[in-house]
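Bear in mind these aren't lab numbers, they're just calculated from the coordinates by the rules spelled out. The shown structure was predicted, so the numbers you read here are calculated from the model rather than taken from an experiment. Quick reminder, even Gly has a Cβ in these numbers, built from the backbone with ideal geometry, and neighbours come from all protein chains shown.
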């Protein structure tokens, strides 16, 4: 079985993958290793088979903004492969892991050869544009408190047990949340103190528990309505 076929993006592509696999290569990476940096001229596409990476962008003043994290099964670098323009973000490893590196010409050949692969790419790009639009609206219309609510909801998953609570695991560092929503770490710390006092969150050993996600969602929606 082709190793490419184990990557979710290439599942049931409708084309033979073996001829493409010989032109790709696999490599391991270490924690804190920079896989892609700002303005790199490389155009390879990276498919994560294991490990976790963080995506960062940088303003003209040099301030870094965290765009998100990716885990095994995700991929990055497709924009440079499609338009040939220098990298727009930094990708740094949070853990050890492995990637399949697909050269841009091979990636483009596979897209044009397979309707299934092309459809997945189009849907993924559309999803990322929609997510980016949402974050732009939040930064334009919401104050710090509501941006934090929205980001915590985005990072969380339902807690087992069906009690309506959600969890962020592992608990997020305050400076990481600050870099996600465009503020200072001290501001996040103050907001967490208020939320804990109001019974909205609870920090356990392995997770941040959001006890009233419905209330946070309602507050974010109301704030967006008021400012739109």
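Along its first, second and third principal axes, ordered by size, the chain spans 59, 44, 36 Å in Cα coordinates.
Can you tell me the FRET efficiency between residue 39 and residue 11 if r is taken as the Cβ-Cβ distance and R0 is 45 Å, rounded to the nearest 0.05? Working shown, then result.
On the way: r = 33 Å, r/R0 = 0.73.
Approximately 0.85, to the nearest 0.05.
Under the criterion of Cα pairs below 8 Å and six or more residues apart, the relative contact order for region 4-138 equals 33 percent.
Please state the shape class of region 111-165: rounded when a/c is under 1.5, otherwise prolate if a/b exceeds b/c and oblate if not, all from the C-alpha gyration tensor. It comes out oblate by the Cα gyration axes.
What is region 142-227 by shape, rounded, prolate or oblate, if you read a ≥ b ≥ c off the alpha carbon gyration tensor as root eigenvalues and call it rounded for a/c under 1.5, prolate for a/b larger than b/c, and oblate otherwise? Because a/c hits 1.5 or more and a/b fails to exceed b/c, region 142-227 counts as oblate.
Residue separation of residue 218 and residue 94 scaled by 0.36 nm, minus their Cα-Cα distance, works out to 41.3 nm of gained length. Starting from the Cα of residue 143, step 7 Å toward the Cβ, then list every residue of region 173-199 with an amide N under 18 Å from that point. Output list for this probe position: 181-198.
Our helix-only sum for the chain, with -39,500 (n - 2.57) per DSSP H run of n ≥ 4 divided by its residues, gives a mean residue ellipticity at 222 nm of -13000 deg cm²/dmol.
Based on C-alpha pairs under 8 angstrom that are at least 6 apart in sequence, the chain has a relative contact order of 19 percent. Residue separation of residue 83 and residue 71 scaled by 0.36 nm, minus their Cα-Cα distance, works out to 1.9 nm of gained length. Between residue 187 and residue 123, full extension at 0.36 nm per residue minus the direct alpha carbon distance yields a gain of 19.4 nm.
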